[in-house]
Amino acid sequence: MNDCVIVTGGAGFIGSNFVLQWVANTESEVVNLDALTYAGNRGNLTSLDGNPRHNFVRGDICDASLVASLFERFQPRAILHFAAESHVDRSITGPDAFVQTNVFGTFTLLQAAKQYWEKLPAGDKERFRFLHVSTDEVYGTLGPDDPAFSETTPYAPNSPYAASKAGSDHLVRAYHHTYGLPTLTTNCSNNYGPFQFPEKLIPLMILNALEGKPLPVYGDGLNIRDWLFVEDHCTAIRTVLERGRLGETYNVGGNSERNNIHVVHTICDLLDELRPDAAIGSRRGLITYVKDRPGHDRRYAINADKISTELGWKPSENFESGIRATVTWYLEHLDWVNEIRSGAYQQWIELNYKERLGAER
Ligand code: NAD
Ligand code: DAU
């Protein structure tokens, strides 16, 4: 076995932040398997061009023979599984790809990992890890006074995305319970930070507000998410990989519950400060309440006591410092933004917002 890891989905938002952090902080090699769907972007990884410790492979996690060949060729000590269809709104209009990648793709990786792991010599067998990156959305929704999600909260996924991630979590659990595969699962809250595709709330609002476009807030804007800066999520995953107990799940969160309208106000105020524009005026004036997301979960909150007390992980950024760093990053990377806002992006914006913006509350 080599000191090498396979990362799936390492050209996406969290995966690319993870790969960059991994290469900067370890001596180990990364094999980055990514299909480069609309959400995958080689441009997130240009700083690794020519780096012999980063091997990029364009391919699908559902391709069993490709996945098996990567295990054989690289003999990794771990696989870190980020690849997924990740956007809730897209899962509502087109759930098929979510079942395929999130459920069948995870199954394909588990099968290949199991076959590889079973053949390893005893010492290597103990060292190998399958780390599955998942979401707090598997737990469903909370009322205002409910306790935060813990690792023992029953699963109650509400969107096709959440249900497909719940299915993948259950498969990972079963491969540990039935076959003894050394698995670890993380269930994390909402991430934000550099390289996030601008279909998600924070980058969408930053870019629309910068350009003086409407800021489409779903429903009454009072849905709550627990926001975590992406680099903190990546350090949590590295911590769980090195010290997590086999077969366990770890909740990861930012201890930063904010409602959506607060998030949007914060972005507007930061842009008014950093990029004042007399023609736009106060950016809060761009806020447009639109038709709600069907089945919209009201509140997510994470109890991260287990990872904190057992493994000593804590987030380093709070929401105020993290959102300022994120807005600044987008302002300094408008070339990156312009490259990804191509045809496929525009089609999605038109599909998702045309009806919504035509149905203002
Ligand atoms: P993303 O959509 O930005 O990136 C997903 C990546 O997976 C892309 O690079 C895409 O090309 C790749 N991919 C998709 N289908 C593939 C396939 N069949 N084969 C190979 N590659 C494929 O997603 P993200 O926001 O970076 O999320 C990464 C993981 O973290 C996901 O598993 C997601 O469920 C989980 N997660 C995300 C958040 C969040 O707030 N974004 C929070 C908690 C957990
Ligand atoms: O909780 C973790 C999850 O967080 C991850 O598993 C998902 O992959 C990730 O996409 C994210 O899901 P959300 O649905 O919470 O994120 P999104 O950015 O799509 O929406 C955040 C909130 O903002 C949600 O309440 C819906 C709202 N929203 C979103 C968009 C895109 C709006 O009001 N307007 C918008 O235009």
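Values quoted throughout were computed directly from the atomic coordinates according to the rules given, and no laboratory measurement underlies them. Since the structure is predicted, the reported quantities are computational estimates derived from the model, not experimental observations. Glycine also receives a Cβ, built like all others from the backbone with ideal geometry; neighbour counts cover every protein chain displayed.
Between segment 5-58 and segment 234-267, what is the C-alpha centre distance in whole Å? Using only Cα atoms to place each centre, the spacing works out to 21 Å. Taken over segment 129-218, the alpha-carbon convex hull comes to 130 cubic angstrom per residue. Distance between the pseudo-spin-label points of D269 and K119 (7 Å out from Cα toward the beta carbon): 5.9 nm. With only the Cα atoms considered, segment 126-174 has a convex hull volume of 92 Å³ per residue.
Can you check how the C-alpha radius of gyration of the chain compares to 2.2 N^0.38 Å, as a plain ratio? Normalised Rg, Cα atoms only: 0.97.
Here is the P(r) of segment 202-333: all C-alpha pair distances, binned every 10 Å from 0, give 12, 35, 30, 17, 5, 0 in whole percents.
Taking the average, over residues, of other Cβ atoms within 10 Å as the packing measure, peptides 103-115, 174-186 rank 103-115, 174-186 from highest down. What is the diffusion coefficient of segment 264-339 in µm²/s, taking the Kirkwood radius over Cα pairs and the Stokes-Einstein relation at 20 °C with a viscosity of 1.002 mPa s? The diffusion coefficient I find is 134 µm²/s.
In the chain, the calculated helix contribution to ellipticity at 222 nm averages -13000 deg cm²/dmol per residue, counting -39,500 (n - 2.57) for every DSSP H run with n ≥ 4.
Dividing the mean sequence gap of close Cα pairs (under 8 Å, 6+ apart) by how many residues the chain holds gives a relative contact order of 17 percent. When only alpha carbons are used to place a centre, segment 86-152 and segment 298-361 end up 21 Å from one another. Each of A279, N260, W348 was scored by the projection of its Cα onto the charge dipole of the chain, and the greatest displacement toward the positive side belongs to W348; charges sit on the C-beta of Lys, Arg, Asp and Glu.
Look at the alpha carbon pairs under 8 Å that are at least 6 residues apart: their mean separation over the length of segment 242-361 gives a relative contact order of 40 percent. Only beta bridges with both residues in the chain are counted; by DSSP, about 10 percent of them are antiparallel.
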